[in-house]
1. Is there a residue being open to solvent by 70 Å² or more (accessible area, probe 1.4 Å) and hydroxyl-bearing (Ser, Thr, Tyr) anywhere in the range 82-104?
2. Determine if the range 389-408 includes at least one residue that is in the same structural domain as residue 292 (by TED's automatic domain parsing), of a type in the set (S, T, N, Q) and not in a helix (DSSP H, G or I).
3. Residues in the range 387-408 that are open to solvent by less than 20 Å² (accessible area, probe 1.4 Å) and within 16 Å of the ligand (Cβ to nearest atom): how many?
4. Mind listing just one residue for me: the one in the range 359-386 that is within 19 Å of residue 423 (Cα to Cα) and touching a Pro at 6+ places or on another chain (Cβ under 8 Å) and, of those, most open to solvent (accessible area, probe 1.4 Å)?
5. Where residues in the range 203-241 are within 14 Å of the ligand (Cβ to nearest atom) and among the β-branched types (Val, Ile, Thr), which of them is nearest to the chain's Cα centre (by Cα)?
6. Looking only at residues that are touching a Leu at 6+ places or on another chain (Cβ under 9 Å) and within 14 Å of the ligand (Cβ to nearest atom) in the range 366-386, which one is farthest from residue 348 (Cα to Cα)?
7. With a cut-off of at least 3 residues that are within 18 Å of residue 219 (Cβ to Cβ) and more than 15 Å from the ligand (Cβ to nearest atom), name the strands (runs of 3 or more DSSP E) lying wholly within the range 19-90.
8. Which residue, of 45, 13, is without any contact (Cβ under 8 Å) to a residue 12 or more places away in the chain and out of contact with any Leu (no Cβ under 6 Å at 6 or more places or on another chain)?
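The values are calculated or read from the model by the stated rules, or taken from the named source; none is laboratory data. Keep in mind it's a predicted model, so treat the numbers as computed, not measured. Heads up, the Cβs are rebuilt from the backbone with ideal geometry, glycines too, and the neighbour counts pull from every protein chain shown. Heavy atoms of the whole protein, side chains included, go into the accessibility calculation; ligands, DNA and RNA do not. Shrake-Rupley method; radii C 1.70, N 1.55, O 1.52, S 1.80 Å.
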Amino acid sequence: MVKAIVGANWGDEGKGKITDMCAEKSDIVVRFQGGANAGHTIINEHGRFALHLLPSGVFHENITNIIANGVALDIDALRREIGEVESAGVKFTLRISDRAQVLLKHHILLDTYEEERLKDKKFGSTKSGIAPFFSDKYAKVGIQVWELYNKEMLLEKIKGMYEKINVTLKYLYNKPEIDYMQVYNKLLEDAEYIKDMVTDTSKLLREAIKEGKEILLEGQLGSLKDTDHGIYPYVTSSPTLAGYGSVGAGIPPYEIKEILAVTKAYSSAVGEGPFVCEYFGDEAEELRKRGGDKGEYGAKTGRPRRVGSFDTVATRYGVEIQGATQVCMTCLDVLSYLDTIKVCTGYELDGKIYKDFLTTDLLYKAKPVYEELPGWKTDIKGIKDYNDLPKEAKDYVDFVEKQIGVKISMVSNGPERSSILFRN
Ligand code: GDP
């Protein structure tokens with residue numbers, strides 16, 4: 001059975017923890033989109049890890065982890081991450097798709113220079129090279145992993161590629177050119193490093209499905225950062241929806257039977273773009289300080305995350321566009337300090353109340369409509385049974401569930417893997 005775990009919002013919903021928990025029951029965990037531009041935080045008996053590229057199944061020795069064709073494969077980032085995980089004594093199996101594409105040095109440079117050039121119009125990129133990488137992929141000039149093992153073809157391709165890139169570097173950005181031979185030699189070295197992990201992962205997965213294996217598709221970021229359906233252009237450059245799991249992993253769409261969308265008990269977002277229910281000043285600082293396991297600061301960049309109330313309009317859209325079959329709400333414990341809890345239940349625009357998510361221009365103008373629910377004002381960390389939560393906390397979950405229209409089957413009340421409450 002194939003199950004997908006995806007974000008219902010702007011990312012950082014706590015998917016890493018849920019994936020890590022679900023991975024235990026899986027045979028295979030797959031990254032099918034994105035790249036090393038976001039991070040899952042996983043806390044377990046080996047330590048605290050921010051995984052950017054490695055699938056969350058790496059902490060379970062019996063699981064096969066796959067970096068599938070839909071991923072931007074940054075081999076330097078992968079090496080760093082493998083080093084970190086291995087130095088904590090973790091042993092794992094990793095397979096890399098022969099059709100994944102390789103992220104190159106110029107992708108990171110172009111991402112960085114373009115953000116500098118755009119100044120106050122910048123996208124808030126993590127500068128991991130993702131947008132230039134996917135531009136090259138869809139312009140059909142990217143390099144698939146199998147090409148690394150065809151030396152003559154690779155050299156020819158790299159040479160042609162850098163003729164164009166160097167013009168851009170020199171004349172648009174006024175930056176040093178890149179020596180294509182350096183890139184080529186580095187790629188040969190990288191090819192050697194990943195060689196034993198490279199395989200046809202789509203075939204591996206199709207066979208695993210036939211054998212009845214449990215497969216987990218691990219999404220990165222969230223619905224509202226999806227290239228097509230998110231807050232364009234403040235989105236990421238690869239689809240974040242479970243539906244793309246079929247393309248990004250190379251499996252039949254009808255095999256994705258369960259879609260678990262993760263949402264936080266409040267909102268957080270990184271990068272630019274509209275964020276209707278955003279808090280500012282002390283209200284924001286208080287929530288940011290208390291959020292997540294170490295405050296709301298980006299796992300990849302350390303940047304303070306933007307925070308706000310739970311947004312039922314954005315989240316209902318987020319779970320619907322994911323096709324979620326169930327929802328997990330994380331970080332409920334974070335709200336324990338509040339006397340009353342605001343929930344955004346509509347957007348007000350030109351005197352009208354909207355319940356549907358809007359296009360980016362209108363989101364900028366929309367004002368949040370809040371309902372206030374009573375807080376529970378007691379620490380709920382460590383509670384092991386959903387029924388033992390304070391009534392106000394359960395009412396909060398009921399309220400949100402009704403608004404978003406999909407069953408909240410799990411609630412998380414602490415960063416540790418064990419802090420999960422199942423809700424009947
Ligand atoms: P992801 O990208 O969706 O995996 O999200 P991140 O891992 O970057 O961000 C989620 C943050 O919330 C991490 O710091 C987690 O350790 C933390 N976290 C996850 N679930 C909970 C929870 O229930 N309570 C608290 N306090 N922190 C949580």
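1. Yes; the residues of the range 82-104 include at least one that is open to solvent by 70 Å² or more (accessible area, probe 1.4 Å) and hydroxyl-bearing (Ser, Thr, Tyr).
2. no
3. 6
4. Residue satisfying both the conditions and the ranking: 376.
5. Among those residues, the one meeting the criterion is 240.
6. Per the stated criteria, the residue is 384.
7. Here the list reads 64-67.
8. The match here is 45.
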